[in-house]
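The values are calculated or read from the model by the stated rules, or taken from the named source; none is laboratory data. For clarity, every value in this text was computed on a predicted model and none was experimentally measured. For neighbour counting, all protein chains shown are included, and Cβ atoms are generated from backbone atoms with ideal geometry for every residue, glycine included.
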Amino acid sequence: MDQQRETSTFGMWLFLVTEIMFFGGLFCAYLVYRATYYEAFVAGSQTMNIWLGATNTAVLICSSLSMAMAVRCAQTDKRKMMVILLLITIMFGAAFLGIKGVEYHEHWVNHQFPGPNFQFEGAEAAGVNPQNVQIYFSLYWAMTGLHALHMIIGIGLVTWIVIAGARGAYSPDYYSPVENVGLYWHFVDLVWIYLFPLLYLISKKHGG
Amino acid sequence: MATAVQATVERENYLNVDYSLKSWLLTKDHKRIALLYLISITAMFFVGGFFAMLIRLELLTPAGDLVSSDTYNKLFTMHGVSMIFFFLIPSVPAVLGNFCIPLMIGAKDLAFPRLNLASWYIYMIGAIFALTSMLLGGVDTGWTFYTPFSTSYSNTHVIGTALGVFIAGFSSIFTGLNFIVTIHRMRAPGMTWNRMPLFCWSNYAASIIMVLGTPVVAITILLVALERLFHIGVFNPALGGDPLLFQHLFWFYSHPAVYIMILPGMGVISEIVPCFARKRIFGYEFVALASIAIAVLGFLVWAHHMFVAGISVYAALVFSLLTYLVAIPSAVKIFNWTATLYKGSITYDTPMLYAFGFIGLFTIGGLTGVFLASIGVDVHVTDTYFVVAHFHYVMVGGMVLAYMAGLHFWWPKITGKLYPEGWAKLSALFVFVGFNLTFFPQFILGYMGMPRRYHAYPPEFQVLNVLSTAGASVLAVGYVLPMIYFVWSLRYGKDAGPNPWNAVGLEWMTASPPPTQNFDVTPVVTWEAYDYEHQDEEVSVGH
Amino acid sequence: MVLTGVTVFASLIELGDWNIVLALVIATIKATLVVLFFMHLYYSSKLTKVTMIAAIFFLFLLLALSMTDYLTRGWITNPVR
């Protein structure tokens, strides 16, 4: 059983490798355009709400903590505690998505979604080309959107193991689904740990 | 003899254990999944071949008279998309790799059998998207989907085709993931890394590329689709974007992708040459390490597709140098195969004929690649038929020949039947002659300046184009014949027995076709790989 | 958690170009801790560790080699014939 557990975990790590490269393409695009259009990126990032972003970062880190503790409970046969911790994880995940939703709404009503309706009022004041700011927003929506999609999938996965776990499917001998979902969850957290400073904290000038 | 035939017919194997359609469509047996892939990719091969035929017919005459230029753009795009994404990339790994790797390492199946089946279904869904787009009117951006044409200006079914490729990419990723885990964790007792067949090493290296590279093209295609849908400007210069960023991201995968295609093919050759030369392969460790080196170095050279696109001269210098380096491990392999032949006892069965073809044609293709690595030469011949000839030499002269070699080599193991050797040799001859007649003139055409992706050309190029089309017809015969005789052999072929080639390797130690669980008893390996001298001694002593 | 607070605070400090470096360093420290301890990489087999390092290496390759183009474009103009 040990061999099987290590094998499935290795499989999950490999999958995470593919996810790193998947997001990596977006990070590459980000790097290139930030280097080329630095001021536009500063202007764009100033419309981000750092406090919401920071809260979200804290929320995700807490959810990773509860997830890691849940895996530990699975290992040590504390089923009830595991279920509670998994539910807390889901709660944190939902909170993250809720806060993100608030942010998205804010951006949407300010015409900050790329496309024909895009508008950026402060462009001349900041001395930047609104097209370049649009690129910042394209990457913002693409990167956070893809991240949010992975969060939703993650919540789905955790829901699955909460249900199975509540029914007693896992034991100290067999808890690899819990461990592997945990790995996925931590990965999604990791992506956000990088997204936050890159998208929100570009420069010192912040309107909040 | 009659009793032996009867015994083979009655013994249960993976094919006859259950004949129902459901058992095939819900199978978790890697051998059956390999056959499912065989059918799908053969179909996509002929789809791609159909487009190739139309291209060559158009190019018989200098004027653009068979199809309009828009249609021609669609033809070469769809030829490229079906051949590259739906035939070449899955071919050896998904068919021969899926079938042989567990057998070669002494395992019952791959590490994740259900993921394997999912891979096939995902491939099929991707293929359906792509085929539907083709039927609805096609795509004209070139298989390379360069922006901003693909994102902003093309009015063809870009998103449908791109989605098909995106989905098929996941099939590739999961197969690669499966292989890596299998090779690490499911080798039989005694099967150390250094005793593993080189075919496994090559597939392992190719799987590393699949896992690391494919996600990047996936996100790139996703961005193209988003850009088309929402008119964002990530790759569009009119909106501040950089079309070269697309090219960087695209080629970051697509160059290593060609190594995904060729490495498993090289692995096939590494199995066949020792068998038909009756000699241990020369320099086993070097061939194994060369596979890994190709995989790693292959990731460092992608911008050699962009020398004239507008990248900085300094970047071009860096990539040119790295491209020269990546040729070295491939050359190492060619030297090793050739050295294996020295003082070997060579027989010229069909797999070996294809292997010889591979060694010669891949060398030509590879060397012309080195010409292209030189920026000065590349500027002159880029986007001409020289490049087309180069990659067809390595892809068709190399990869497809290796695939055919592998199919013939393992056909007795897969089906338990022997194909008709005479017809097979004739086919191989058609393929070799047809191939060279098709593509060698294209080197000359390209050097003389005929551009690629144009449906009309100056009249002085006609003779060479006619030769090329004639060659294509011969080549087509060489591809159709095996379809016929392989199917014929299923019913009328001689029974093969477990080891018709007297080859070394765990897959030859089990019955043909193998039982579902591959081995009745898990083998324990105590001998080195490619031990052909002992094999021949034992066989002669046994008689 | 503490580090998150530090990150935000750090962004408000005027450091010019080095701001991003500091923010990324902090992010990387956070990430390393998550990977090592939440994801148990510290306790995992050598194979898993090598796999992670390989992934990061290849991502780095993508970013670094692409930047060799973008950073050097202004250095020299191709002579016009």
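At a glance:
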{"quantity": "Any chance residue A:22 is modelled with pLDDT under 90 and within 14 Å of chain B (Cβ to nearest Cβ)", "calculated": "no"}
{"quantity": "Residue B:224 being closer than 20 Å to residue B:297 by Cβ, modelled with pLDDT under 95 and aliphatic (A, V, I, L, M)", "calculated": "no"}
{"quantity": "Given (1) within 12 Å of another protein chain (Cβ to nearest Cβ); (2) in contact (Cβ under 8 Å) with a residue 12 or more places away in the chain; (3) in a helix (DSSP H, G or I), number of the condition residue A:48 does not satisfy", "calculated": "(3)"}
{"quantity": "Residues being within 14 Å of chain A (Cβ to nearest Cβ) and under 24 Å from residue B:293 (Cα atoms) - total across segment B:155-204", "calculated": "18"}
{"quantity": "Where residue A:11 falls short, out of the listed (1) within 10 Å of chain B (Cβ to nearest Cβ); (2) surrounded by fewer than 20 Cβ atoms within 10 Å (Cβ to Cβ)", "calculated": "(2)"}
{"quantity": "Unique residue being farther than 20 Å from residue A:177 by Cα and part of a helix (DSSP H, G or I) when the list is A:84, A:99, A:90", "calculated": "A:99"}
{"quantity": "Flag for residue B:344 being within 12 Å of chain C (Cβ to nearest Cβ) and in contact (Cβ under 8 Å) with a residue 12 or more places away in the chain", "calculated": "no"}
{"quantity": "Residue that is farthest from the other protein chains (Cβ to nearest Cβ), among those in segment A:178-208 that are modelled with pLDDT under 90, in contact with a Phe, Trp or Tyr (Cβ under 7 Å, 6 or more places away or on another chain) and part of a helix (DSSP H, G or I)", "calculated": "A:199"}
{"quantity": "Output for segment B:381-414, where each listed residue is among the aromatic types (Phe, Trp, Tyr) and either in contact with a Lys or Arg (Cβ under 6 Å, 6 or more places away or on another chain) or more than 14 Å from residue B:366 (Cβ to Cβ) (or both)", "calculated": "B:385, B:386, B:403, B:409, B:410, B:411"}
{"quantity": "Where residue C:51 falls short, out of the listed (1) modelled with pLDDT under 80; (2) touching a Phe, Trp or Tyr at 6+ places or on another chain (Cβ under 6 Å)", "calculated": "(1)"}
{"quantity": "Only listed residue being out of contact with any Asp or Glu (no Cβ under 7 Å at 6 or more places or on another chain) and at pLDDT 95 or above, chosen from B:322, B:317, B:353", "calculated": "B:353"}
{"quantity": "Listing of helices (runs of 4 or more DSSP H) fully contained in segment B:394-502 that carry 3 or more residues being more than 28 Å from residue B:15 (Cα to Cα), touching a Leu at 6+ places or on another chain (Cβ under 9 Å) and touching a residue at least 12 places away in the same chain (Cβ under 8 Å)", "calculated": "B:421-448, B:462-492"}
{"quantity": "Residue within segment B:273-280 that is under 19 Å from the mean Cα position of the chain (by Cα) and part of a helix (DSSP H, G or I) present", "calculated": "yes"}
{"quantity": "Residue match in segment B:308-319 (condition: within 14 Å of chain C (Cβ to nearest Cβ), closer than 18 Å to residue B:362 by Cβ and not in a helix (DSSP H, G or I))", "calculated": "no"}
{"quantity": "In segment A:112-167, the residues that are part of a loop (DSSP other than H, G, I, E, B) and more than 9 Å from chain B (Cβ to nearest Cβ)", "calculated": "A:112, A:117, A:119, A:120, A:121, A:122, A:127, A:128, A:167"}
{"quantity": "Residue in segment B:430-446 that is over 13 Å from residue B:354 (Cβ atoms) and in contact with a Pro (Cβ under 8 Å, 6 or more places away or on another chain) present", "calculated": "no"}
{"quantity": "Odd one out for residue A:197, checked against (1) touching a residue at least 24 places away in the same chain (Cβ under 8 Å); (2) within 27 Å of residue C:26 (Cα to Cα); (3) touching a Ser or Thr at 6+ places or on another chain (Cβ under 8 Å)", "calculated": "(1)"}
{"quantity": "Within segment B:260-279, tally of residues that are buried (at least 19 other Cβ atoms within 10 Å of the Cβ) and either basic (Lys, Arg) or within 10 Å of chain C (Cβ to nearest Cβ) (or both)", "calculated": "1"}
{"quantity": "Members of segment B:155-187 that are outside any helix (DSSP H, G or I) and under 19 Å from residue B:34 (Cβ atoms)", "calculated": "B:186"}
{"quantity": "Answer residue from segment B:320-365, given it is part of a loop (DSSP other than H, G, I, E, B) and within 25 Å of the chain's Cα centre (by Cα) and is surrounded by the most Cβ atoms within 10 Å (Cβ to Cβ) among those", "calculated": "B:349"}
{"quantity": "Residue list for segment C:53-73, filter: at the interface with another protein chain (Cβ under 7 Å from one of its Cβ atoms), part of a helix (DSSP H, G or I) and touching a Ser or Thr at 6+ places or on another chain (Cβ under 9 Å)", "calculated": "C:55, C:68, C:69, C:70, C:72"}
{"quantity": "Search result, residues across segment B:157-194 that are of a type in the set (Val, Ile, Thr) and either in contact with a helix residue (DSSP H, G or I) (Cβ under 6 Å, 6 or more places away or on another chain) or surrounded by 24 or more Cβ atoms within 10 Å (Cβ to Cβ) (or both)", "calculated": "B:158, B:159, B:161, B:165, B:167, B:173, B:175, B:180, B:181, B:182, B:183"}
{"quantity": "So residue B:215, is it assigned to a helix (DSSP H, G or I), within 12 Å of chain A (Cβ to nearest Cβ) and of a type outside the set (Val, Ile, Thr)", "calculated": "yes"}
{"quantity": "Residues of segment A:121-136 that turn out to be touching a helix residue (DSSP H, G or I) at 6+ places or on another chain (Cβ under 6 Å) and within 14 Å of residue B:239 (Cα to Cα), as a count", "calculated": "7"}
{"quantity": "One residue from A:94, A:58 being away from chain B (no Cβ under 14 Å), in contact (Cβ under 8 Å) with a residue 60 or more places away in the chain and surrounded by fewer than 23 Cβ atoms within 10 Å (Cβ to Cβ)", "calculated": "A:94"}
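Results for (1) surrounded by fewer than 21 Cβ atoms within 10 Å (Cβ to Cβ); (2) over 29 Å from the mean Cα position of the chain (by Cα); (3) among the hydrophobic types (A, V, I, L, M, F, W, C), shown as yes or no for each residue.
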site: B:502; (1), (2), (3): yes, no, no
site: B:507; (1), (2), (3): no, no, no
site: B:515; (1), (2), (3): yes, no, no
site: B:522; (1), (2), (3): yes, yes, no
site: B:531; (1), (2), (3): yes, no, no
site: B:534; (1), (2), (3): yes, yes, no
